[in-house]
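Following: one structure in structure tokens, then a few remarks.
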Amino acid sequence: AQKVTQAQTEISVVEKEDVTLDCVYETRDTTYYLFWYKQPPSGELVFLIRRNSFDEQNEISGRYSWNFQKSTSSFNFTITASQVVDSAVYFCALSEANYGQNFVFGPGTRLSVLP
Amino acid sequence: EAGVVQSPRYKIIEKKQPVAFWCNPISGHNTLYWYLQNLGQGPELLIRYENEEAVDDSQLPKDRFSAERLKGVDSTLKIQPAELGDSAVYLCASSLGSGRVSYNEQFFGPGTRLTVL
């Protein structure tokens, strides 16, 4: 069965620090998709990135970067020079092409960026 | 462009009462999802529609939960009767595309926070 683990329940950093949010997944499928979503205090989940299992290129978007490593089944998310507005709950999610549930979210990591 | 609209935003009911949530997806999005999110947890898929067809309802507790998307646009999720354990946030999302695999970006609504007393 597919599974997503986010071992860090809560993280607190001071503004301008870098922070990495970990995501480890389990799947028996060879084709799958990984996602990161942000849930600010307002409650609406916001899509950040999608990655398919055949594309291991790391990606950078402004202060955000993602490191996808199939060898360790990880898809980690780094925020550089964090800001107070980055405070939110961040979810990693997995969708398999051929097996398992349709779409599975991890339990989330609550990030607090202190001024 | 309007986002995913959900109503009501908050609902408080007594146990054993019925309750319904409404969702209007983004125009043109043929795939619609209902999720349940308990406090401190990630969303859990309840049902996914492609147009008016429920293509994945394996996680929907069918003894008390029902959903419909009659014209392939807006959707209603109902609980009857509600139990104390149903207190949670019910999220609706929509996306473009279709097919068995959910690989498209999903756009979420603000959710309905249900409290069952």
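The values are calculated or read from the model by the stated rules, or taken from the named source; none is laboratory data. Since we're looking at a predicted model, the values are computed, not measured. Cβ sites come from the backbone with ideal geometry, for glycine too, and all protein chains shown count toward neighbours.
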Can you name the residue in the range A:94-105 that is at the interface with chain B (Cβ under 7 Å from one of its Cβ atoms) and under 19 Å from B:TRP34 (Cβ atoms) and, of all such residues, is modelled with the highest pLDDT? A:PHE105
Restricting to the range B:22-50, and then to whatever is in contact with a Gly (Cβ under 9 Å, 6 or more places away or on another chain) and part of a strand (DSSP E or B), can you tell me which residue is surrounded by the most Cβ atoms within 10 Å (Cβ to Cβ)? B:LEU32
Among (1) over 11 Å from the mean Cα position of the chain (by Cα); (2) within 14 Å of another protein chain (Cβ to nearest Cβ), where does B:LEU91 come up short? (1)
Regarding A:PHE47, is this residue closer than 28 Å to B:LEU114 by Cα, at the interface with another protein chain (Cβ under 10 Å from one of its Cβ atoms) and modelled with pLDDT of 95 or more? no
Can you work out which of the residues in the range A:106-115 that are assigned to a loop (DSSP other than H, G, I, E, B) and surrounded by fewer than 19 Cβ atoms within 10 Å (Cβ to Cβ) is farthest from the other protein chains (Cβ to nearest Cβ)? A:PRO115
